[in-house]
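Shown next, in C-alpha coordinates, is the structure this report addresses.
The values are calculated or read from the model by the stated rules, or taken from the named source; none is laboratory data. Note that the structure is a prediction, hence the values are computed from the model and not measured. Here Cβ is always computed from backbone atoms with ideal geometry, including for glycine, and neighbour counts include all displayed protein chains. Side chains included, ligands, DNA and RNA excluded: accessible areas come from the protein's heavy atoms. Shrake-Rupley method; radii C 1.70, N 1.55, O 1.52, S 1.80 Å.
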Amino acid sequence: MPTLVLQSHRAPLPASWYECCVDSVREWSARLGYEYRWHGDELFDRLPSELRRKTAEQPVVASDLARLILAENALTEGYERVIWVDADVLVLEPDRLTLPEAEALFGREVWVQADENGRLKVYRKVHNAFMAFAANEPVLPFYRMSAERILRRYDATSGPMVPQLIGPKLITLLHNAIGFDVLETAGMLSPLVARDVLSGGGPALARFLKASAERPLALNLCGSSVRYQMLSDAEMSCLVDRLQRSGLPG
(Lines give C-alpha, C1' and ligand atoms only; values in the text may rest on other atoms or scores of the structure.)
Protein backbone atom coordinates (compact mmCIF):
# COMPACT_ATOMS: atom_id res chain seq x y z
CA MET A 1 0.00 0.00 0.00
CA PRO A 2 1.20 3.56 -0.67
CA THR A 3 2.14 6.32 1.74
CA LEU A 4 -0.63 7.73 3.93
CA VAL A 5 -0.78 11.33 5.16
CA LEU A 6 -2.67 11.91 8.42
CA GLN A 7 -4.11 15.14 9.81
CA SER A 8 -6.52 15.95 12.61
CA HIS A 9 -8.23 18.84 14.38
CA ARG A 10 -11.44 19.49 16.20
CA ALA A 11 -14.33 20.68 14.04
CA PRO A 12 -14.95 23.32 13.00
CA LEU A 13 -11.48 24.68 12.42
CA PRO A 14 -10.92 27.70 14.70
CA ALA A 15 -10.04 30.17 11.92
CA SER A 16 -10.04 30.39 8.13
CA TRP A 17 -6.25 30.42 7.87
CA TYR A 18 -6.20 26.82 9.10
CA GLU A 19 -8.17 25.87 6.00
CA CYS A 20 -5.39 27.28 3.81
CA CYS A 21 -2.86 25.18 5.70
CA VAL A 22 -4.91 21.99 5.43
CA ASP A 23 -5.57 22.60 1.73
CA SER A 24 -1.82 23.03 1.14
CA VAL A 25 -1.13 19.64 2.72
CA ARG A 26 -3.91 17.98 0.72
CA GLU A 27 -2.49 19.46 -2.50
CA TRP A 28 1.01 18.30 -1.61
CA SER A 29 -0.27 14.80 -0.83
CA ALA A 30 -2.11 14.60 -4.15
CA ARG A 31 0.94 15.80 -6.10
CA LEU A 32 3.05 12.97 -4.69
CA GLY A 33 0.33 10.34 -5.05
CA TYR A 34 -0.07 9.89 -1.30
CA GLU A 35 -3.34 8.83 0.25
CA TYR A 36 -4.85 11.33 2.66
CA ARG A 37 -6.98 10.83 5.75
CA TRP A 38 -8.57 13.41 8.07
CA HIS A 39 -9.63 12.74 11.66
CA GLY A 40 -11.70 14.84 14.04
CA ASP A 41 -12.10 14.35 17.78
CA GLU A 42 -12.37 10.59 17.24
CA LEU A 43 -8.57 10.76 17.25
CA PHE A 44 -8.75 10.63 21.06
CA ASP A 45 -10.86 7.45 21.08
CA ARG A 46 -7.65 5.48 20.58
CA LEU A 47 -6.12 6.57 23.88
CA PRO A 48 -5.98 4.11 26.78
CA SER A 49 -8.70 5.13 29.24
CA GLU A 50 -6.24 5.90 32.06
CA LEU A 51 -4.16 8.20 29.88
CA ARG A 52 -7.21 9.86 28.38
CA ARG A 53 -8.29 10.79 31.91
CA LYS A 54 -4.82 12.04 32.79
CA THR A 55 -4.63 14.27 29.71
CA ALA A 56 -8.24 15.50 29.81
CA GLU A 57 -7.12 19.01 30.76
CA GLN A 58 -4.22 19.03 28.32
CA PRO A 59 -5.51 18.13 24.81
CA VAL A 60 -2.16 18.95 23.20
CA VAL A 61 -0.51 16.15 25.18
CA ALA A 62 -3.42 13.82 24.40
CA SER A 63 -3.00 14.58 20.69
CA ASP A 64 0.74 13.96 20.84
CA LEU A 65 0.11 10.40 22.02
CA ALA A 66 -3.00 9.76 19.92
CA ARG A 67 -1.16 10.59 16.69
CA LEU A 68 1.45 7.94 17.48
CA ILE A 69 -1.25 5.31 18.02
CA LEU A 70 -2.97 6.41 14.81
CA ALA A 71 0.29 6.14 12.86
CA GLU A 72 0.99 2.66 14.25
CA ASN A 73 -2.51 1.53 13.32
CA ALA A 74 -2.03 2.80 9.75
CA LEU A 75 1.22 0.87 9.38
CA THR A 76 -0.55 -2.23 10.69
CA GLU A 77 -3.11 -1.77 7.89
CA GLY A 78 -0.25 -2.30 5.44
CA TYR A 79 0.90 1.20 4.46
CA GLU A 80 4.58 1.40 3.59
CA ARG A 81 4.94 4.81 5.19
CA VAL A 82 2.80 7.12 7.28
CA ILE A 83 3.23 10.89 7.57
CA TRP A 84 1.68 13.04 10.28
CA VAL A 85 1.22 16.77 9.59
CA ASP A 86 -0.30 19.23 12.08
CA ALA A 87 -3.30 21.26 10.89
CA ASP A 88 -1.35 24.52 11.28
CA VAL A 89 1.46 23.46 8.92
CA LEU A 90 1.60 25.38 5.64
CA VAL A 91 3.33 23.75 2.66
CA LEU A 92 5.06 26.58 0.81
CA GLU A 93 6.42 24.68 -2.17
CA PRO A 94 4.52 21.42 -2.77
CA ASP A 95 6.48 20.63 -5.92
CA ARG A 96 9.81 20.74 -4.06
CA LEU A 97 8.95 19.21 -0.68
CA THR A 98 10.08 15.59 -0.82
CA LEU A 99 11.03 13.13 1.88
CA PRO A 100 14.29 11.18 1.84
CA GLU A 101 14.41 7.46 2.53
CA ALA A 102 14.58 7.05 6.31
CA GLU A 103 13.11 4.83 8.99
CA ALA A 104 11.76 7.88 10.79
CA LEU A 105 11.82 11.63 10.22
CA PHE A 106 11.03 14.59 12.46
CA GLY A 107 10.71 18.25 11.57
CA ARG A 108 13.28 20.90 12.47
CA GLU A 109 12.50 23.54 15.08
CA VAL A 110 14.62 26.69 14.96
CA TRP A 111 13.05 28.79 17.69
CA VAL A 112 13.96 32.46 18.01
CA GLN A 113 12.90 34.38 21.11
CA ALA A 114 14.10 37.30 23.21
CA ASP A 115 15.62 36.82 26.66
CA GLU A 116 14.84 38.99 29.70
CA ASN A 117 17.20 41.65 28.35
CA GLY A 118 15.64 41.70 24.91
CA ARG A 119 18.51 39.84 23.25
CA LEU A 120 17.59 37.28 20.61
CA LYS A 121 18.33 33.66 21.40
CA VAL A 122 18.13 30.75 18.95
CA TYR A 123 17.26 27.21 20.03
CA ARG A 124 17.63 24.27 17.62
CA LYS A 125 15.35 21.35 18.39
CA VAL A 126 13.19 18.81 16.58
CA HIS A 127 9.40 18.83 16.49
CA ASN A 128 6.47 16.45 15.97
CA ALA A 129 4.29 18.73 13.81
CA PHE A 130 5.71 16.89 10.79
CA MET A 131 6.74 13.26 11.25
CA ALA A 132 7.17 10.25 8.98
CA PHE A 133 7.57 6.58 9.87
CA ALA A 134 8.28 3.60 7.63
CA ALA A 135 6.79 0.17 8.14
CA ASN A 136 8.66 -2.12 10.55
CA GLU A 137 10.95 0.63 11.83
CA PRO A 138 11.79 0.75 15.57
CA VAL A 139 11.48 4.48 16.32
CA LEU A 140 7.68 4.81 16.39
CA PRO A 141 7.09 1.92 18.85
CA PHE A 142 9.93 3.19 21.04
CA TYR A 143 8.61 6.75 20.97
CA ARG A 144 5.08 5.60 21.82
CA MET A 145 6.33 3.40 24.66
CA SER A 146 8.41 6.25 26.08
CA ALA A 147 5.49 8.69 25.87
CA GLU A 148 3.09 6.28 27.57
CA ARG A 149 5.54 5.49 30.37
CA ILE A 150 6.07 9.19 31.05
CA LEU A 151 2.33 9.81 31.22
CA ARG A 152 1.65 6.77 33.41
CA ARG A 153 4.31 7.96 35.87
CA TYR A 154 3.10 11.54 35.84
CA ASP A 155 1.84 12.73 39.21
CA ALA A 156 -0.30 15.86 39.22
CA THR A 157 1.02 16.76 42.68
CA SER A 158 4.43 17.43 41.13
CA GLY A 159 3.10 20.32 39.05
CA PRO A 160 1.01 21.05 35.96
CA MET A 161 1.48 18.96 32.84
CA VAL A 162 3.31 21.10 30.25
CA PRO A 163 1.94 20.96 26.68
CA GLN A 164 5.30 19.91 25.16
CA LEU A 165 5.84 17.04 27.64
CA ILE A 166 5.80 14.14 25.17
CA GLY A 167 6.09 16.25 22.01
CA PRO A 168 9.10 18.46 21.25
CA LYS A 169 10.58 18.09 24.75
CA LEU A 170 10.71 14.30 24.62
CA ILE A 171 11.68 14.08 20.95
CA THR A 172 14.51 16.59 21.38
CA LEU A 173 15.78 14.76 24.47
CA LEU A 174 15.84 11.47 22.57
CA HIS A 175 17.29 13.12 19.47
CA ASN A 176 20.17 14.62 21.45
CA ALA A 177 21.02 11.15 22.76
CA ILE A 178 20.30 9.02 19.68
CA GLY A 179 20.35 11.29 16.64
CA PHE A 180 17.16 10.90 14.59
CA ASP A 181 16.93 11.75 10.91
CA VAL A 182 15.62 15.31 10.58
CA LEU A 183 13.68 16.81 7.69
CA GLU A 184 15.33 20.22 7.70
CA THR A 185 12.83 21.60 5.18
CA ALA A 186 9.91 21.07 7.60
CA GLY A 187 10.40 24.10 9.84
CA MET A 188 8.56 26.12 12.46
CA LEU A 189 7.96 29.85 12.97
CA SER A 190 8.15 31.42 16.41
CA PRO A 191 5.98 34.52 16.95
CA LEU A 192 8.99 36.85 16.64
CA VAL A 193 9.96 35.35 13.29
CA ALA A 194 6.34 35.45 12.12
CA ARG A 195 6.16 39.17 12.89
CA ASP A 196 9.34 39.77 10.90
CA VAL A 197 7.84 37.89 7.96
CA LEU A 198 4.80 40.17 8.16
CA SER A 199 7.14 43.18 8.16
CA GLY A 200 9.13 41.93 5.18
CA GLY A 201 12.24 41.18 7.24
CA GLY A 202 13.94 41.78 10.55
CA PRO A 203 16.56 40.47 12.99
CA ALA A 204 14.55 37.47 14.22
CA LEU A 205 13.94 36.27 10.66
CA ALA A 206 17.61 36.80 9.82
CA ARG A 207 18.66 34.68 12.81
CA PHE A 208 16.13 32.03 11.85
CA LEU A 209 17.39 31.74 8.28
CA LYS A 210 21.03 31.72 9.37
CA ALA A 211 20.40 28.90 11.86
CA SER A 212 18.35 26.82 9.39
CA ALA A 213 20.40 24.16 7.60
CA GLU A 214 18.02 24.36 4.62
CA ARG A 215 15.43 26.88 3.55
CA PRO A 216 12.04 25.62 4.81
CA LEU A 217 9.55 24.32 2.25
CA ALA A 218 6.85 23.74 4.90
CA LEU A 219 6.30 25.65 8.13
CA ASN A 220 4.44 24.97 11.32
CA LEU A 221 2.85 28.37 11.99
CA CYS A 222 2.19 27.56 15.67
CA GLY A 223 -1.51 28.13 16.16
CA SER A 224 -0.76 28.24 19.88
CA SER A 225 0.60 31.75 19.27
CA VAL A 226 -3.02 32.86 18.87
CA ARG A 227 -4.13 30.95 21.97
CA TYR A 228 -1.46 32.70 24.01
CA GLN A 229 -2.31 36.07 22.38
CA MET A 230 1.12 36.58 20.82
CA LEU A 231 -0.48 36.84 17.37
CA SER A 232 -4.07 37.34 16.24
CA ASP A 233 -6.03 35.27 13.73
CA ALA A 234 -6.05 38.34 11.48
CA GLU A 235 -2.26 38.47 11.59
CA MET A 236 -2.10 34.74 10.91
CA SER A 237 -4.30 35.18 7.86
CA CYS A 238 -1.98 37.91 6.59
CA LEU A 239 1.01 35.68 7.34
CA VAL A 240 -0.43 32.80 5.33
CA ASP A 241 -1.33 35.12 2.46
CA ARG A 242 2.17 36.60 2.34
CA LEU A 243 3.88 33.21 2.52
CA GLN A 244 1.67 31.79 -0.23
CA ARG A 245 2.24 34.79 -2.51
CA SER A 246 5.92 35.51 -1.89
CA GLY A 247 7.42 32.82 0.34
CA LEU A 248 9.86 33.67 3.10
CA PRO A 249 11.57 37.05 2.71
CA GLY A 250 15.35 37.15 2.55
Residue-wise, which Karplus ³J(HN,Hα) couplings in Hz belong to the range 154-170, taking 6.51 cos²θ - 1.76 cosθ + 1.60, θ = phi - 60°, and x for glycine or proline? 5, 10, 4, 6, 7, x, x, 7, 7, x, 8, 3, 10, x, x, 5, 5
Top positive-direction residue, dipole computed over the range 139-244 with Cβ charges, set Ala206, Ser190, Met145: Met145
Using a Debye calculation, one point per C-alpha and no hydration shell, please list log10 I(q)/I(0) for the chain at q = 0.10, 0.13, 0.14 Å⁻¹ in order. -0.47, -0.82, -0.96
Mind jotting down a quarter of the surface of the convex hull over the alpha carbons of the range 88-211, in square nanometres, one decimal? 9.9
Starting from 0 in steps of 5 Å, tell me what percent of the Cα-Cα pairs of the range 135-185 lands in each bin. 4, 17, 25, 25, 15, 8, 4, 2
Ordering of 58-64, 45-51 by packing [mean C-beta count within 10 Å, highest first]: 58-64, 45-51
Enter the accessible area of His9 (Å², nearest 10), with the probe set to 1.4 Å and all protein chains included. 40
Amide H to amide H under 5 Å from Ala87: which residues, 5+ apart in sequence or cross-chain, H placed 1.01 Å off N in plane? Ser8
Gain in span if fully extended, Thr76 to Ala177, counting 0.36 nm per residue against the direct Cα distance: 33.6 nm
Normalising by the residue count of the chain, find the relative contact order in percent from Cα pairs under 8 Å and 6+ residues apart. 23
If one computes the Cα centroid of the range 14-48 and of the range 124-177, what distance in Å separates the two points? 21
Return one whole number: the accessible area per residue of the chain in Å², for a 1.4 Å probe. 47
Name the GluC sites (Glu not before Pro) in the range 59-133 that are in a loop by DSSP and that have at most 16 other C-beta atoms within 10 Å, would you? Glu80, Glu101, Glu103, Glu116
Determine the percent antiparallel among the DSSP beta bridges restricted to the chain, to the nearest 5. 55
C-alpha center-to-center spacing [the range 94-111, the range 190-240] in angstrom: 19
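Give me the percent of the accessible area of the range 1-117 that comes from carbon and sulfur atoms, probe 1.4 Å, all protein chains in place.
Here carbon and sulfur together make up 45 percent of the probe-accessible area.
Based on Cβ point charges of +1 for Lys and Arg and -1 for Asp and Glu, what charge dipole magnitude is obtained for the range 1-158 about its Cα centre, in debye rounded to the nearest 20? List each step's numbers first, then the result.
On the way: 20 positive and 25 negative charges, 94 e Å.
Result for the range 1-158 is approximately 460 debye, rounded to the nearest 20.
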Just want to confirm a number: the relative contact order over the range 1-109, from Cα pairs under 8 angstrom separated by 6+ residues, in percent. 42
Alpha-carbon radius of gyration plus Dmax, which is the widest Cα pair, for the range 12-75 in Å: 13.9, 40
Pick out, in residue order, every one of the trypsin sites (Lys or Arg not before Pro) in the range 97-161 that is DSSP loop and has at most 14 other C-beta atoms within 10 Å; say none if there are none. Arg119
